[in-house]
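One structure below.
None of the figures in this text is laboratory data; all of them are computed from the coordinates on show. Treat the numbers as computed from the prediction; the structure is a model and nothing was measured. A quick note on method: Cβ atoms are made from the backbone with ideal geometry, for glycine too, and the neighbour counts reach across all protein chains shown.
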């Protein structure tokens with residue numbers, strides 16, 4: 001089966017750094033995605049990790065440890081517009097189109 | 001053009017109506033997806049088309065009928081829906097599966113469906 005866990009909600013202050021964790025147990029693994037979704041809007045792609053380590057993209061970084069079934073998304077210099085849900089999603093096989101999404105973490109950025 | 005478009009944006013229908021949702025992309029993607037998303041829940045995969053052929057049907061009831069007329073278009077035909085089918089229906093597309101890095105799915109803005 002597939003199980004992806006992330007915290008339901010987090011709150012952080014504008015200008016600060018926040019780390020959103022994701023743990024997964026899946027029947028296969030071929031990459032982990034992070035998506036951002038503002039309320040009522042479509043998810044937008046943030047990052048993709050398939051090898052262990054840190055991927056950095058501007059204010060956003062994502063880390064993966066395959067042996068631990070663990071990833072995190074790091075957001076630096078938080079802005080009010082970063083208030084959104086952040087979805088962790090796992091692609092379970094090389095030939096698979098299927099993304100299994102976690103329930104999402106609702107991040108609230110406060111002044 | 002790096003956009004997935006969906007129409008209509010909002011749809012209200014009765015349980016006896018027949019309607020269709022439309023999705024279009026011009027990024028040359030050969031994989032297209034339908035997802036259903038209920039409030040405060042993650043997207044749930046419904047169907048996957050690969051090279052215009054149905055590749056995955058996640059045990060979706062037959063009152064939802066997908067169609068892929070060509071490589072740029074994806075439709076979802078709706079008939080005899082139930083109130084619990086009310087949700088945001090998201091279309092997505094991606095390059096064909098493989099080990100490459102450009103396999104992220106691009107999502108459309110969704111159609112918010114209300115079934116009365």
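Some values worked out for this structure:
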{"quantity": "FRET efficiency, residue A:81 to residue B:30 (Cβ-Cβ, R0 30 Å, nearest 0.05)", "calculated": "0.35"}
{"quantity": "Förster radius 35 Å - calculated FRET efficiency between residue B:80 and residue A:13, Cβ distance, rounded to 0.05", "calculated": "0.10"}
{"quantity": "Pairwise FRET efficiency - residue A:2 versus residue B:71, Cβ, R0 = 25 Å, nearest 0.05", "calculated": "0.30"}
{"quantity": "Listed peptides B:71-77, A:99-105 by packing density, highest first (mean Cβ within 10 Å)", "calculated": "A:99-105, B:71-77"}
{"quantity": "Inter-label distance, nm, simple model (7 Å from Cα along the C-beta direction), residue A:70/residue B:20", "calculated": "5.0"}
{"quantity": "Within chain B, percent of DSSP bridges classed antiparallel, to nearest 5", "calculated": "90"}
{"quantity": "Separation of alpha-carbon centers, segment A:56-111 and segment B:1-30, rounded to whole Å", "calculated": "27"}
{"quantity": "When the convex hull of its Cα atoms is projected in every direction, mean area for chain B (nm²)", "calculated": "7.0"}
{"quantity": "Percentage relative contact order, segment B:9-84, counting C-alpha pairs under 8 Å, at least six apart", "calculated": "37"}
